[in-house]
Amino acid sequence: MSNIQKPTLSPISQQCGCSHSHSHGNRNQPVWRRYLPAIISFFLLITGLVLDHLLKSSLFTGYYRVIWYILAYLPVGLPVWKEAIASIRHKDFFNEFTLMTIATLGAFFIREYPEGVGVMLFYSVGELFQESAVTKAQGNIKALLDLRPDKATVRRGNIYETVSPETIAAGEVIQVKAGEKVSLDGELLSPVSSFDTSALTGESIPRTIWQGEQVLAGMLNMDKVVEINVLKRYEDSSLAGILHMVQNATERKAKTELLIRRFAKIYTPLVFFMALAITIIPWFFLSGYQFETWLYRALVFLVISCPCALVISVPLGYFGGIGAASHNGILFKGANFLDLMASLKTVIMDKTGTLTKGVFNVQQVVPVSPEKESFLEILIALESKSNHPVAKAIVRYGMENNIPVLPVEEASEIAGHGIYGRINNIQVLAGNSKLMQKYGVDYDKRIDHIPETSVIVAMDGKYAGYVTIADELKEDAQKAIEGMRQQGVEHIVLLSGDKSSIVREISEQLAINTAYGELLPEDKVTHIEAIKATAQGTTAFVGDGINDAPALALSDIGIAMGGMGADAAIEVADVVIQSDQPSKIPVAIRIARRTKQIVIQNIVMALGIKVVILVLATLGMVSMWAAVFADVGVALLAILNSVKILRQKF
């Protein structure tokens, strides 16, 4: 697929203001090749220190000593020089590359050769650790990219051809063998098969899919050879959409991350001029001023003030959070939504398909006429033109009872009400009581008190009977509500287009205090606006249907139950729960709050240690060796702190 490419790690570096391309450009090299310059530099530095201090060789003096340390410096120094020159050409004068270049050249100028080499060596080692940490953080997200099948078997004429999935059109039939990944979204033509959906949903339990049901790209066929009718081109498939969302996630930055980037742009030139001031200002006030002493202090100041540890650890912390979430089947579309989720206080939830399974079964068929079969034939024919879960339940009931589907002359859905159509020249209405009232149909009012979902039917303007449908709660619905409350969510509200009696019953089962039923899509929007106006903290809406798209867009965070949810809902949402499990919402909150803790810890740790060492450096109480160890140490601590979220279980 042309618009979905493998992500590189450079965006992380670009976000933090540290280009790091001198290490990233060599990522495709073997590991030993990437570490070779540092190994050579380290060997030459240690040898030089041995000759300097232990052997005190008379041969290791003068030009020989200078040349030796220059040779030790060049393997790690040249790549940084190249970056410094490139950034200066782009009028970026103040960054970590110029700081390191000035500090190390200054050390050579005052004949502190080992320290000049040591600063550049440990800086380069820190860069390698950062690269490794970013790679690890991206590992969970990269695993998604391995889902992309690079070939598919398509039936063309009487033969099967192996081709790229991108060349297959909707309407063609593909064959998927046992152990192969499904390459395109489609409808199962074979009677039944078992599919591993863990890559898409994070769930390890295989899913049995029957003939006529949807199969998604990225699922693994576990059972037998099956045939699938392709419904979407590859670039429109669910998998392509997921990959696109993941790749774009790092482009939406959190407020903290943007603040740190702005801070770095001011901080770096500031410390450069402060170092210059440390060198020059004492000359005006001290009678015994020694240029080399104060230059050395300024160089130590430059080394410790390098902002890289701070600015790499913040985006890396968010990236780790996005990776941990994707490992748990939760897709955040940006770091900014991790921040919003961490302050979540109000959750507004849809009912059908979110808290309930959305798999309805016909309970009762109650026609006015004794001819039950003809009543069902007309109702099933009309409902076959709708994708609503209730309509699908009625059609499935007809298939199970071998009821023929009549031709439909005309059909149109009325949002929040039901469906209108014409069959055998009969005008047919099928829907809720609001639909009957809209068309002035006098129906049996006792139906309003039935707790189950009821589909009322009218033919030629006269009440013809009703069908009751039952849905059931998802197994983890109770756990989801309890988990959200444990995570500090103060208000949980249930909104549904279903009958008020059903919504009330569900809310009582789940101990949800506020619930509204019989809502049209625009009513949900009105309720969300009212709740947002008075709510403290962040407000989220959780839904899965096409009619939930406006509500998802309006809320601070739109959460889509996206494993098998509507494409429109997934597209609009900010967070996608791939497994359709509401219990993943408290998991998402925990991951978001842990990510924010890590980011704050990194900022406090990096700034705190640097301020202390900067003061000591100005007073001449810290050597360049101590400065470089402190700088690399802060960077490593921040990196280790950032990636530990990937090892945590939520």
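The values are calculated or read from the model by the stated rules, or taken from the named source; none is laboratory data. As the structure is a computational prediction, the values presented were derived from the model and not from experiment. Counting neighbours? That spans all protein chains shown, and the Cβs are built from the backbone with ideal geometry, glycine included. Accessible surface areas use protein heavy atoms only, side chains included; no ligands, DNA or RNA. Shrake-Rupley method; radii C 1.70, N 1.55, O 1.52, S 1.80 Å.
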Query raised in the report: Do you know which of the residues in the stretch 343-377 that are open to solvent by 20 Å² or more (accessible area, probe 1.4 Å) and hydrophobic (A, V, I, L, M, F, W, C) is nearest to V542 (Cα to Cα)?
Result: V359
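For every residue, the table says whether it meets (1) out of contact with any Asp or Glu (no Cβ under 7 Å at 6 or more places or on another chain); (2) of a type in the set (D, E, K, R); (3) under 24 Å from M399 (Cβ atoms); (4) modelled with pLDDT under 85.
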| site | (1), (2), (3), (4) |
| --- | --- |
| A170 | yes, no, no, no |
| E180 | yes, yes, no, no |
| L184 | yes, no, no, no |
| L188 | no, no, yes, no |
| S193 | no, no, yes, no |
| Q211 | yes, no, yes, no |
| E227 | yes, yes, yes, no |
| Y234 | no, no, no, yes |
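For the stretch 479-499, enumerate the residues that are open to solvent by less than 40 Å² (accessible area, probe 1.4 Å) and either among the β-branched types (V, I, T) or closer than 19 Å to G358 by Cβ (or both).
Our first condition is that a residue be open to solvent by less than 40 Å² (accessible area, probe 1.4 Å); within the stretch 479-499, this holds for 480-481, 483-484, 487-489, 492-499.
Result: A480, I481, V489, I492, V493, L494, L495, S496, G497, D498, K499.
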Report task. Of the numbered conditions (1) in contact (Cβ under 8 Å) with a residue 60 or more places away in the chain; (2) part of a loop (DSSP other than H, G, I, E, B), I304 fails exactly one; give the number of that condition. Result -> (2)
Query - Candidates G241, G218, G288, G202 - the one that is out of contact with any Asp or Glu (no Cβ under 6 Å at 6 or more places or on another chain), under 30 Å from E112 (Cα atoms), at pLDDT below 85 and small (G, A, S) - result: G288
Report summary line: Exactly one of G323, G317 is in contact with a Leu (Cβ under 8 Å, 6 or more places away or on another chain) and in a helix (DSSP H, G or I), and that residue is G323
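Might you check whether a residue that is among the acidic types (D, E) and farther than 26 Å from I492 by Cβ occurs anywhere in the stretch 345-355?
no
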Query raised in the report: If you check K82, K91, which single one turns out to be open to solvent by 70 Å² or more (accessible area, probe 1.4 Å) and at positive phi?
Result: K91
Requested in this report: Could you tell me whether any residue of the stretch 369-382 is in contact (Cβ under 8 Å) with a residue 12 or more places away in the chain and outside any helix (DSSP H, G or I)?
Outcome: yes
Requested in this report: Go through the stretch 590-601 and count every residue that is open to solvent by less than 10 Å² (accessible area, probe 1.4 Å) and of a type in the set (D, E, K, R).
Outcome: 0
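Would you be able to tell me the number of residues in the stretch 396-425 that are hydrophobic (A, V, I, L, M, F, W, C), open to solvent by 50 Å² or more (accessible area, probe 1.4 Å) and in contact with a strand residue (DSSP E or B) (Cβ under 9 Å, 6 or more places away or on another chain)?
The total comes to 0.
In the stretch 150-191, how many are assigned to a strand (DSSP E or B) and open to solvent by 40 Å² or more (accessible area, probe 1.4 Å)?
Here the count works out to 8.
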Query raised in the report: Right, V587: part of a helix (DSSP H, G or I), within 30 Å of E475 (Cβ to Cβ), open to solvent by 10 Å² or more (accessible area, probe 1.4 Å) and out of contact with any helix residue (DSSP H, G or I) (no Cβ under 7 Å at 6 or more places or on another chain) or not?
Result: yes
Query raised in the report: Can you name the number of the only condition in (1) small (G, A, S); (2) in contact with a helix residue (DSSP H, G or I) (Cβ under 6 Å, 6 or more places away or on another chain); (3) at negative phi that G620 fails?
Result: (3)
Requested in this report: Answer with yes or no whether D476 is crowded, with 19+ Cβ neighbours inside 10 Å, over 22 Å from N336 (Cβ atoms), acidic (D, E) and in contact (Cβ under 8 Å) with a residue 12 or more places away in the chain.
Outcome: no
**Report entry** Counted residues, the stretch 101-115 - those being in a helix (DSSP H, G or I), touching a residue at least 60 places away in the same chain (Cβ under 8 Å) and of a type outside the set (A, V, I, L, M)
**Finding:** 5
Query - Pairs, first closer than 11 Å to S496 by Cβ in the stretch 513-530, second open to solvent by 50 Å² or more (accessible area, probe 1.4 Å) and among the basic types (K, R), C-beta under 8 Å, six or more apart - result: A515/R504; G517/R504
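Listed residues A568, A540; which is of a type in the set (A, V, I, L, M) and either at pLDDT below 85 or in contact with a helix residue (DSSP H, G or I) (Cβ under 7 Å, 6 or more places away or on another chain) (or both)?
Numbers: A540 fails: either at pLDDT below 85 or in contact with a helix residue (DSSP H, G or I) (Cβ under 7 Å, 6 or more places away or on another chain) (or both).
Answer to the selection: A568.
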Requested in this report: Please work out if A275 is crowded, with 24+ Cβ neighbours inside 10 Å, modelled with pLDDT of 85 or more, touching a helix residue (DSSP H, G or I) at 6+ places or on another chain (Cβ under 7 Å) and under 30 Å from I609 (Cα atoms).
Outcome: no
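Take I450 and decide whether it is surrounded by fewer than 20 Cβ atoms within 10 Å (Cβ to Cβ), in contact with a strand residue (DSSP E or B) (Cβ under 7 Å, 6 or more places away or on another chain) and modelled with pLDDT under 90.
Answer is yes for this residue.
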